[in-house]
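The values are calculated or read from the model by the stated rules, or taken from the named source; none is laboratory data. Because the structure is a prediction, the values reported are computed rather than measured. Because the Cβ atoms are built from the backbone with ideal geometry, glycine has one as well, and the counts that use them run over all protein chains shown.
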Ligand code: URA
């Protein structure tokens, strides 16, 4: 995104906007190695090489943390060779290159975090962190007490036993049941596979909570910025081997 040079210089903490104007008119500012003296000239901090007195201007990268209510029918990737919609298609006016933290299946809805802060993303996604995620699941058929006990204690999947989960029946309908499942692992299609392993095909799946953050009140496709405090509290909501390192 192009911005006026004096704005860029003040954002980078080089000087006030007024003082930046003097730097420009005095011929001390270069863009891609060319001196720029015209006030109002624009540059793009992502693409252009800006320097003052020959020293490159390092722009502190804004770290952003986004909470998206992912609709079904979107891939949690940054590109899809088959041309299906991807989650970043839903983001408007976010010039930063953000990536998803973990993934939700194409047909899973709900809470997805995106960021450009690689360290934060890695901490959250690290299995040792054991951050709880809560899913609302609509399964076909009736859920028995045995189903609940098995899902709660652990299910044998082809990649091993699942860790204990919290399972609650929310609503019993004529041909299906809504349950909520809280897990701290994040294996591939874990909730679907857990339910299928006890004979309960998943009809609908939505992640509604991640650590202490919920998507309550957000429509599908809606997103918002997390505050820095919320982003930090998410790290703290895990068991977290990193806690003492901060
Ligand atoms: N478990 C699943 O089966 N799918 C998801 O998208 C997330 C958790």
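To keep it simple, each residue is scored yes or no on (1) assigned to a strand (DSSP E or B); (2) surrounded by 12 or more Cβ atoms within 10 Å (Cβ to Cβ).
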position: 14; (1), (2): no, yes
position: 63; (1), (2): no, yes
position: 69; (1), (2): yes, yes
position: 73; (1), (2): no, no
position: 88; (1), (2): no, yes
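Can you name the condition, by its number, that residue 147 falls short on among (1) part of a helix (DSSP H, G or I); (2) free of Cβ contacts under 8 Å to residues at least 12 places away in the same chain; (3) farther than 30 Å from residue 119 by Cα? Evaluating residue 147 over (1) part of a helix (DSSP H, G or I); (2) free of Cβ contacts under 8 Å to residues at least 12 places away in the same chain; (3) farther than 30 Å from residue 119 by Cα leaves (2) as the failure.
Being within 15 Å of the ligand (Cβ to nearest atom), more than 23 Å from the chain's Cα centre (by Cα) and part of a strand (DSSP E or B) is a description that does not apply to residue 208. Within the range 107-130, the set of residues being assigned to a loop (DSSP other than H, G, I, E, B), surrounded by 15 or more Cβ atoms within 10 Å (Cβ to Cβ) and either modelled with pLDDT of 95 or more or in contact with a helix residue (DSSP H, G or I) (Cβ under 6 Å, 6 or more places away or on another chain) (or both) comprises 108 only.
For the range 164-174, the set of residues classified as touching a strand residue (DSSP E or B) at 6+ places or on another chain (Cβ under 7 Å) and not in a strand (DSSP E or B) consists of 165 only.
With respect to the conditions (1) surrounded by fewer than 20 Cβ atoms within 10 Å (Cβ to Cβ); (2) under 18 Å from residue 212 (Cα atoms); (3) more than 13 Å from the ligand (Cβ to nearest atom), residue 149 lacks only one, and its number is (2). The combined condition, being under 30 Å from residue 92 (Cα atoms), modelled with pLDDT under 95 and surrounded by 18 or more Cβ atoms within 10 Å (Cβ to Cβ), is fulfilled by residue 234. Scanning the range 183-199 for residues that are over 20 Å from residue 72 (Cα atoms) and either more than 11 Å from the ligand (Cβ to nearest atom) or part of a loop (DSSP other than H, G, I, E, B) (or both) yields 184, 185, 197, 198, 199. Could you please let me know if residue 95 is out of contact with any helix residue (DSSP H, G or I) (no Cβ under 7 Å at 6 or more places or on another chain), closer than 30 Å to residue 36 by Cβ and assigned to a loop (DSSP other than H, G, I, E, B)? Against the criterion (out of contact with any helix residue (DSSP H, G or I) (no Cβ under 7 Å at 6 or more places or on another chain), closer than 30 Å to residue 36 by Cβ and assigned to a loop (DSSP other than H, G, I, E, B)), residue 95 qualifies. The sole residue among 105, 117 that is out of contact with any strand residue (DSSP E or B) (no Cβ under 6 Å at 6 or more places or on another chain), at negative phi and within 16 Å of the ligand (Cβ to nearest atom) is 105.
In the set 167, 137, only one residue is surrounded by 14 or more Cβ atoms within 10 Å (Cβ to Cβ), within 26 Å of residue 226 (Cβ to Cβ), within 16 Å of the ligand (Cβ to nearest atom) and modelled with pLDDT of 95 or more; that residue is 137. When residues in the range 164-213 are screened for being farther than 20 Å from residue 142 by Cβ and in contact (Cβ under 8 Å) with a residue 60 or more places away in the chain, 9 of them pass. The lone criterion from (1) assigned to a loop (DSSP other than H, G, I, E, B); (2) more than 30 Å from residue 108 (Cα to Cα); (3) within 32 Å of the chain's Cα centre (by Cα) left unmet by residue 3 is number (1).
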